[in-house]
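Asker: Okay, handing you the structure first.
No value in this document is a laboratory result; all are computed from the given coordinates. None of these values were measured; they are calculated from a predicted model. Quick reminder, even Gly has a Cβ in these numbers, built from the backbone with ideal geometry, and neighbours come from all protein chains shown.
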Amino acid sequence: MKNKGRPTGMLRLNRNTLADLPRDVRRPLYDLDDVRTGVVHLGVGAFHRAHQAVVFDDCLAAGERDWAIYGVSLRSPTTRDALAPQDGLYTVCIRGREEEDLRVVGALRNLLVAPEDPQAPLSRLVDPGVRIVTLTVTEKGYCQDPASGDLLPIHPAITRDLAAPEAPLSAPAVLVEALRRRRVAGVDPFTVLSCDNLPANGVMLRRVATQFAALLDPDLARWIDDRVAFPSTMVDRIVPATNDDVRDQTAKRLGVEDAWPVVTEPFCQWVIEDRFSAGRPRLEESGATMVTDVVPFELAKLRLLNGTHSALAYLGYLAGFETLAETVAEPSFARFARGLMDEEITPTLTAHGVGDLASYKRMLFERFQNASLRHRTWQIAMDGTQKLPQRTLPVIRERLDLGASIRRLALVIAAWMRYVVGVDERGRTIDVRDPLSLTLGSIAASARGDTTKLARDLLGLRQMFPNDLASDPRLRDQIDLALKTLFRRGAKATVDEFEQLFPLAPVSQT
């Protein structure tokens with residue numbers, strides 16, 4: 001970690017330096033020693049610290065002192081190592097288009113690293129005071145088959161945990177072992193809240209948890225299915241990666257060093273189905289939206305925000321744009337994104353009864369244009385094999401079922417295919433981060449520049465594309481044309497001349 005602009009010997013953010021922070025910096029409005037752990041969070045990363053932890057911090061500030069967070073990192077000690085010297089305190093840098101507000105959050109009271117001691121998080125999870133378990137482990141952390149949504153028994157993490165279920169490391173196995181121990185001890189089960197960008201994430205998590213449990217003990221699987229609440233949720237807040245510039249600017253504002261601040265936007269949304277096993281804080285008074293059905297909210301977010309994010313990330317990166325804001329500042333890319341939203345995504349949402357989309361889309365573009373966030377296209381482009389099956393493929397399926405145009409959607413998939421080749425339009429290596437990166441690289445190498453073979457073989461990835469969708473000639477032909485065009489003309493020219501290169505024509509039903 002560099003020390004570009006921070007003076008040598010600068011004091012560290014911790015409970016001893018809280019009182020000396022500038023008056024315009026918000027800080028915990030409660031005694032850090034007068035709170036109790038009610039939440040365990042699996043997968044502590046920047047998004048959790050900028051989103052759910054802020055909501056629980058507001059609950060603590062409102063006097064609900066039983067809802068502090070015990071964080072569990074399932075892989076890396078990085079966050080623990082950064083925050084332990086800071087007593088768990090960190091700064092949330094909220095950047096609007098013209099100003100920045102700083103807030104120190106105190107809700108994250110403890111941090112564990114599961115691989116160092118798998119028993120430590122289990123001991124905490126069995127505590128009767130823990131009534132909610134939240135997760136942000138990303139799509140790949142659920143060890144599921146993206147095409148079917150089922151647990152993938154041959155996943156390396158799952159095979160490892162099936163062999164040693166008493167010392168689990170994967171998220172499904174940790175949950176199941178903790179629930180098993182609570183059942184044996186006669187402790188009521190906790191509520192499990194997935195906070196990852198997956199459709200029906202509560203339904204999905206119930207499925208993978210019970211499927212894992214069934215491989216060990218069918219009676220336990222039935223108990224989990226009967227007794228444990230898995231409400232679905234929808235989360236929304238843009239949280240770019242923290243870098244040294246963020247650290248330097250935060251230190252200058254605070255007057256002390258924060259090793260692991262997070263930067264985010266003013267907008268924050270958390271929609272939760274109101275079904276809990278063992279009670280909850282007054283989340284609705286701290287900014288959450290409690291509903292009976294999260295589906296309309298998650299569909300709008302997954303398809304309009306996340307789907308458009310992916311489209312702009314792949315096309316923008318290939319065109320040489322580093323950030324999302326730079327991409328949409330280019331008129332042709334903004335026009336493409338609006339056309340994708342209005343002409344191809346919105347009709348699928350209207351069919352599901354989602355309303356008031358015009359104002360939602362206006363708000364999304366305002367967020368996209370927030371240049372102060374510096375949300376990198378490369379960061380958004382990560383894990384495409386996990387993200388696109390949730391964000392884009394369902395829209396393609398519904399459009400094909402209607403015999404409607406998929407010209408923009410096909411270009412998005414083609415842009416992903418062009419990106420995972422691993423070499424950009426200038427001949428430079430692309431750092432493709434994806435659980436299937438080795439497979440993707442092998443497919444790209446074997447294609448040897450044959451775009452038709454590349455498209456066919458990538459569509460053959462059953463971990464990503466269901467067979468019926470991949471074999472549909474309407475999709476294959478559209479992707480083949482789009483991919484050839486991207487290789488021949490480049491991403492920017494393809495988007496600039498989109499209407500001429502891909503004239504509007506409905507796709508006839510087969």
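Asker: Between E265 and residues 5 or more places away or on another chain, which pairs have amide H atoms under 5 Å apart, with H built 1.01 Å from N, and which residues are they?
Answerer: R95, I238
Asker: Do you know the relative contact order of segment 18-291, to the nearest whole percent, from alpha carbon pairs under 8 angstrom that are 6+ apart? Spell out each step's value before the answer.
Answerer: Working: 549 pairs, mean separation 59.5, N = 274.
Relative CO of segment 18-291 lands at 22 percent.
Asker: Oh, and also: Ranked highest first by the average count of other Cβ atoms within 10 Å around their residues, in what order do 431-439, 228-236, 124-132 fall?
Answerer: On the way: 431-439: 16.0, 228-236: 23.4, 124-132: 18.8.
For the peptides 431-439, 228-236, 124-132, the packing ranking is 228-236, 124-132, 431-439.
Asker: I need the phi-derived Karplus couplings for segment 470-480: 6.51 cos²θ - 1.76 cosθ + 1.60, θ = phi - 60°, integer Hz, Gly and Pro marked x.
Answerer: 5, 8, 6, x, 5, 6, 4, 5, 5, 5, 4
Asker: Could you count how many Lys pairs in the chain have their Cα atoms under 19 Å apart, skipping same-chain pairs fewer than 8 positions apart?
Answerer: Lysine pairs meeting the criterion: 7.
Asker: Equivalent ellipsoid semi-axes for segment 295-501, as square roots of 5 times the alpha carbon gyration tensor eigenvalues: give them largest first, rounded to whole Å.
Answerer: Values: eigenvalues 120, 84, 49 Å².
After diagonalising the Cα gyration tensor, the semi-axes are 24, 20, 16 Å.
Asker: Oh, and also: Below 8 Å, C-alpha to C-alpha, sequence gap of six or more: please give me the relative contact order for the chain in percent.
Answerer: Working: 896 pairs, mean separation 71.4, N = 510.
Over the chain, the number comes to 14 percent.
Asker: When the Cα atoms of segment 18-291 are enclosed in a convex hull and the volume is divided per residue, what value in Å³ results?
Answerer: Details: hull volume 35.0 nm³, N = 274.
Spelled out: Cα convex hull of segment 18-291, divided by residues, is 128 Å³.
Asker: With θ set to phi - 60° and the Karplus curve 6.51 cos²θ - 1.76 cosθ + 1.60, what are the ³J(HN,Hα) couplings of segment 422-434 in order, to the nearest whole Hz, using x for Gly and Pro?
Answerer: x, 9, 7, 5, 9, x, 8, 5, 9, 7, 7, 9, 6
Asker: Let me ask something else. In percent, what relative contact order does segment 295-501 have, based on Cα pairs under 8 Å that are 6 or more apart in sequence? Numbers along the way, then the final one.
Answerer: Working: 228 pairs, mean separation 55.8, N = 207.
Result for segment 295-501 is 27 percent.
Asker: Quick one: Karplus J couplings for segment 158-171, per residue in order, coefficients 6.51, -1.76, 1.60, θ = phi - 60°, nearest Hz, x for Gly and Pro?
Answerer: 6, 4, 5, 6, 5, 6, 9, x, 7, 10, x, 10, 7, 4
Asker: Starting with the fewest neighbours, write out K387, K361 ranked by other beta-carbon atoms found within 10 Å of each beta-carbon. Write out the running numbers ahead of the final one.
Answerer: Values: K387 27, K361 20.
The most exposed by this proxy come first: K361, K387.
Asker: Could you work out how far helix 357-368 tilts from the main Cα principal axis of the chain, as a 0 to 90 degree angle to the nearest 10?
Answerer: So the helix axis and the longest Cα principal axis differ by about 80 degrees.
Asker: Please report the spacing between the Cα centers of segment 49-63 and segment 284-330 in Å, no decimals.
Answerer: The two parts, judged by their Cα centres, are 23 Å apart.
Asker: Non-local amide H neighbours of Y90 (under 5 Å, H modeled in plane, Pro and chain starts lacking H): which ones?
Answerer: V105
Asker: While we're looking at this one, here's another question. Return the long-range amide H neighbours of T191 (sequence gap of 5 or more, or a different chain), with a cut-off of under 5 Å between placed amide H atoms.
Answerer: I132, V133, S277, A278
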